[in-house]
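Engineer: Below are the structure tokens for one structure; questions will follow.
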Amino acid sequence: MQIGIPRALSYYNFFPFWYGFFSDLGIEIVLSDPTTKQTMSVGSSLVVPETCLPVKVYVGHILNLLDKGIDKIFVPSIQSIAPKIYNCSKIRGLPDLIRNVIKREFTIIEATLDKSEKKHGLYEFLAEAVKPFGITDMEKIKKASKKAWQVYNNFHVMTRSGFSYKKALKYAIEDKVVIEENTKTYPINIAIIAHGYNLYDERVSMKIFDKLEKLDVKVYTAD
């Protein structure tokens, strides 16, 4: 059993959770390759110019997974993660957008999470995500969700301790929690405010963290 996950948009918020969940159920995760100029170019070619860059990148990552031969791709519709607080329309309508711009045969796993509506909570969302694999046992799904929360929480413990996104993710999916004390002081400390998909995608951010580190600048993010 394989599920393709595009390395774009909500990947940067929720991948530790998805990794813990799908892996616990024996589903192999196949990620798209890191963003390149080609990713952006092919994604942009299928949408109108006014489409925002993160969506163009996302489309490119879907195409990359299809080129790898992956026929089931996780394209969730994350409507609302708290009652009456809604996501941007690009996140909410992602499955419909992908269905309309990519005319190739594959299964869109379009689980919907909407905490503002009844019967669209987390467990319903997770059940919908694994239904195409014939997994319907709610006890197994709930057990896998506990593993998902463990990986997700470990990831956040490490980012809050000062680890980079990449380093914290590496340890989290290895089922480790590592804390290092950093006593180095910096002459300049700044905060960068941006969505994860703009910050942590090295092509999109033009490796802003590496550039600032070379300037001896300490960077803080919302994570």
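The values are calculated or read from the model by the stated rules, or taken from the named source; none is laboratory data. Computed from a predicted structure; not experimentally measured. Here the Cβ positions follow ideal geometry from the backbone for every residue, glycine too, while neighbour counts run over all protein chains shown. To get the accessible areas, we keep the full protein, side chains included, count just its heavy atoms, and leave off ligands, DNA and RNA. Shrake-Rupley method; radii C 1.70, N 1.55, O 1.52, S 1.80 Å.
Engineer: Taking segment 139-185, which residues are in a helix (DSSP H, G or I) and among the basic types (Lys, Arg)? Explain how you work it out, then say what you get.
Structural biologist: Pass one, segment 139-185, residues in a helix (DSSP H, G or I): 139-160, 165-173.
Listed by number, the residues that qualify are Lys140, Lys142, Lys143, Lys146, Lys147, Arg160, Lys166, Lys167, Lys170.
Engineer: Continuing with this model, one more query. Would you mind stating whether Thr39 is touching a Ser or Thr at 6+ places or on another chain (Cβ under 9 Å), of a type in the set (Ser, Thr, Tyr) and either assigned to a helix (DSSP H, G or I) or open to solvent by 50 Å² or more (accessible area, probe 1.4 Å) (or both)? Walk me through it before giving the result.
Structural biologist: Numbers: touching a Ser or Thr at 6+ places or on another chain (Cβ under 9 Å): yes; of a type in the set (Ser, Thr, Tyr): yes; either assigned to a helix (DSSP H, G or I) or open to solvent by 50 Å² or more (accessible area, probe 1.4 Å) (or both): yes.
The answer is yes for Thr39.
Engineer: Residues that are in contact with a Leu (Cβ under 8 Å, 6 or more places away or on another chain) and touching a residue at least 12 places away in the same chain (Cβ under 8 Å), at least 3 per element: which strands (runs of 3 or more DSSP E) completely within segment 71-136 meet that?
Structural biologist: Numbers: elements: 72-74, 77-82, 107-109, 112-114.
Of the strands (runs of 3 or more DSSP E) lying wholly inside segment 71-136, those with at least 3 residues that are in contact with a Leu (Cβ under 8 Å, 6 or more places away or on another chain) and touching a residue at least 12 places away in the same chain (Cβ under 8 Å) span 77-82.
Engineer: Considering only segment 163-202, state which residues are open to solvent by 80 Å² or more (accessible area, probe 1.4 Å) and touching a residue at least 40 places away in the same chain (Cβ under 8 Å).
Structural biologist: Correct list: His195 only.
Engineer: Further question on the same structure: Looking at segment 57-67, can you tell me whether even one residue there is open to solvent by less than 30 Å² (accessible area, probe 1.4 Å), part of a helix (DSSP H, G or I), over 12 Å from Ile102 (Cβ atoms) and of a type outside the set (D, E, K, R)?
Structural biologist: The initial filter retains those residues of segment 57-67 that are open to solvent by less than 30 Å² (accessible area, probe 1.4 Å), namely 57-63, 65-66.
Next cut, part of a helix (DSSP H, G or I) only: 57-63, 65-66.
Add one more test, that the residue is over 12 Å from Ile102 (Cβ atoms), and what stays is 57.
From what's left, of a type outside the set (D, E, K, R): 57.
Yes, because at least one residue in segment 57-67 is open to solvent by less than 30 Å² (accessible area, probe 1.4 Å), part of a helix (DSSP H, G or I), over 12 Å from Ile102 (Cβ atoms) and of a type outside the set (D, E, K, R).
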